[in-house]
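The values are calculated or read from the model by the stated rules, or taken from the named source; none is laboratory data. Remember, it's a predicted structure, so these values are computed and weren't measured experimentally. Every residue, glycine as well, gets a Cβ built from its backbone with ideal geometry; the counts of neighbours run over all protein chains shown. Side chains are part of the model used for accessible areas, which takes the heavy atoms of the whole protein and leaves out ligands, DNA and RNA. Shrake-Rupley method; radii C 1.70, N 1.55, O 1.52, S 1.80 Å.
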Amino acid sequence: MSETRPILIVTAKLDTHADAVISELKARGQPFFRLNTDDFHTEYRTMLRSGDRSVIFEDIWGRSVRFPHDVHAIWHRKPVESNNPPGVEQRGTADMIQSETLELLNSLSCFHDRPWYNNPESNRVSQRKFPQLCLASELGLRVPRTLITNDPGEARRFAAQTQGGVLCKAMKEAGYSTPNGSYFIFSRRVGKDEFDAHADRIALCPTLLQEYIEKAYELRVTVVGDVVFACRLDSQADEAARIDWRMVTPDRIAHSMVTLDNKVEAALKAMLRRFGLRFGAFDLIVTPEGETVFLELNPNGQWYWIELTTGAPMAAAMADLLQS
């Protein structure tokens, strides 16, 4: 247990995950300091002192914390871009302030005196899709045949050799915005005619293509320290969720907690260790033949909807990890 040292929680004001874990911490009498990065310029002051290698955060209510010296652990949850200081509206000035603020917050990751869950630098490295697939295969997990290319000819050859069709997904970006609105990028199964019609555009941007693997159901596996929560998602029962279950709200898909195969669990835990992580959310599929296939790791993935849906004690497990 951490006795009286607070846990530093770096997140955003609207974060139900942090709210749930903080409720657990309060019930246990565990002190914490919540830093909502979207309110950074209106609700916090900070001081960095080279002499004692510390970062002090103080909020407008008079609460403060000195990192890393007086902190038990740091939970890097879901920080977002900070607000502009009052009165700053000019685009160039605001952009410069945002950049300097981000640099300050990113500098925290250089301190290794206290445990991180997870260090954002470890998250940044481990979120990359291609190294994930390589490591998963090395650890004995089946992965989909994958090609990343900006060569239309290679893409066409790959598609011709893929019996189940081609899945197209983003390597990093979750979405994009235009003057007409914002758009989320879902994984898409691309039919032969559509692929042939647009394959030349692959020359414009490196594109991740995978063989499409038929599913019996999907698994969202959340590893919190040494505790594993494997949730079965019956996505194939809903036409709109068959390719990417994120396209529908969770209430449209049956959720149930299951026991993960021992070898798969060992491989997922080994992957986290290799990436220097203590938390991770994995997406897997189970084929109609019962084989488990690795899709990807989200080192800072969402999980609270699973607790709300199934009752699995995930917030308590996260509180245990932060206090450990």
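Using a simple spin-label model with pseudo-atoms 7 Å out from Cα toward Cβ, residue 194 and residue 42 lie 4.1 nm apart.
Kindly identify the range 41-132 as rounded, prolate or oblate by the Cα gyration tensor criterion: order the square roots of the eigenvalues as a ≥ b ≥ c, call it rounded if a/c is under 1.5, otherwise compare a/b with b/c, prolate if a/b is larger, else oblate. Before the final figure, lay out the partial values.
Values: a/c = 2.07, a/b = 1.14, b/c = 1.82.
Cα axes put the range 41-132 in the oblate bin.
The Cα center of the range 23-71 and the Cα center of the range 130-193 differ in position by 41 Å.
The helix-based estimate of mean residue ellipticity at 222 nm for the chain, built from -39,500 (n - 2.57) per DSSP H run of four or more residues and divided by its residue count, is -8500 deg cm²/dmol to the nearest 500. Over 34 Å apart: what share of the alpha carbon pairs of the chain falls there, rounded to a whole percent? More than 34 Å apart: 32 percent of the Cα pairs in the chain.
Under a crude label model (7 Å from the Cα following the beta-carbon direction), how far is residue 148 from residue 102 in nanometres? If labels sit at residue 148 and residue 102, their model points lie 2.0 nm apart.
Ellipsoid semi-axes for the range 107-155, based on the Cα gyration tensor and the rule √(5λ), read 32, 15, 6 Å when sorted largest first.
Count the net charge of all other residues whose Cβ sits under 13 Å from the Cβ of residue 206, scoring Lys and Arg as +1 and Asp and Glu as -1. Walk me through the numbers before you get to the answer.
Working: positive: 128, 129, 169, 172, 201; negative: 151, 154, 173.
After counting each charged neighbour, the total is +2.
So how tilted is helix 91-106 from the main axis of the chain? Cα-based, degrees 0 to 90, rounded to 10. That works out to roughly 80 degrees. The lysines whose alpha-carbon is closer than 21 Å to the alpha-carbon of residue 269, local same-chain residues fewer than 8 away aside, are 129.
Spacing of the modelled spin labels on residue 256 and residue 125, each 7 Å from Cα toward Cβ, amounts to 4.0 nm. Angle of helix 129-138 to the longest C-alpha principal axis of the chain, folded into 0 to 90 degrees and rounded to 10: 70°.
Distances over 20 Å make up what percent of all Cα-Cα pairs in the range 171-324?
When every Cα pair of the range 171-324 is considered, 57 percent fall beyond 20 Å.
Looking at the square roots a ≥ b ≥ c of the eigenvalues of the Cα gyration tensor of the range 253-324, which shape do they give, rounded for a/c under 1.5, prolate if a/b is larger than b/c, or oblate? It is oblate, given that a/c is not under 1.5 and a/b is not larger than b/c. For the range 16-30, the residues whose amide N sits under 16 Å from a probe point set 7 Å from the Cα of residue 4 along the beta carbon direction are 29-30. Please give the helix 262-275 orientation as an angle from the longest Cα principal axis of the chain, in degrees from 0 to 90, rounded to the nearest 10. The answer is roughly 50 degrees.
For the chain, the relative contact order comes to 18 percent (Cα pairs under 8 Å, sequence separation of at least 6). Given +1 at the Cβ of Lys and Arg, -1 at the Cβ of Asp and Glu and no other charges, the dipole of the chain around its Cα centre is 520 debye to the nearest 20. Using the beta-carbon distance between residue 80 and residue 186 and R0 = 22 Å, what value does 1/(1 + (r/R0)^6) give for FRET efficiency, to the nearest 0.05? That gives a FRET efficiency of 0.50.
With an 8 Å cut-off on Cα pairs and a minimum separation of 6 or more residues, tell me the relative contact order of the range 79-161 in percent.
Numbers: 20 pairs, mean separation 11.2, N = 83.
About 13 percent, as a whole number.
Accessible area per residue for the range 99-180, computed on protein heavy atoms with a 1.4 Å probe, is 57 Å².
What residues from the range 283-324 fall in the zone where the backbone N is under 20 Å from a label point 7 Å along the Cα-to-C-beta line of residue 246? Only 283-286, 293-309 fall inside the zone, counting backbone N under 20 Å.
In terms of overall dimensions, the range 113-230 has a Cα radius of gyration and Dmax of 17.1, 56 angstrom. Ranking 84, 231, 104 by how far each Cα lies toward the positive end of the dipole of the chain (charges on Cβ) leaves 104 at the top.
For the range 1-99, report the % of Cα-Cα distances exceeding 17 Å. Each step should come with its number before you reach the end.
Values: 2772 of 4851 pairs.
It works out to 57 percent of all Cα pairs.
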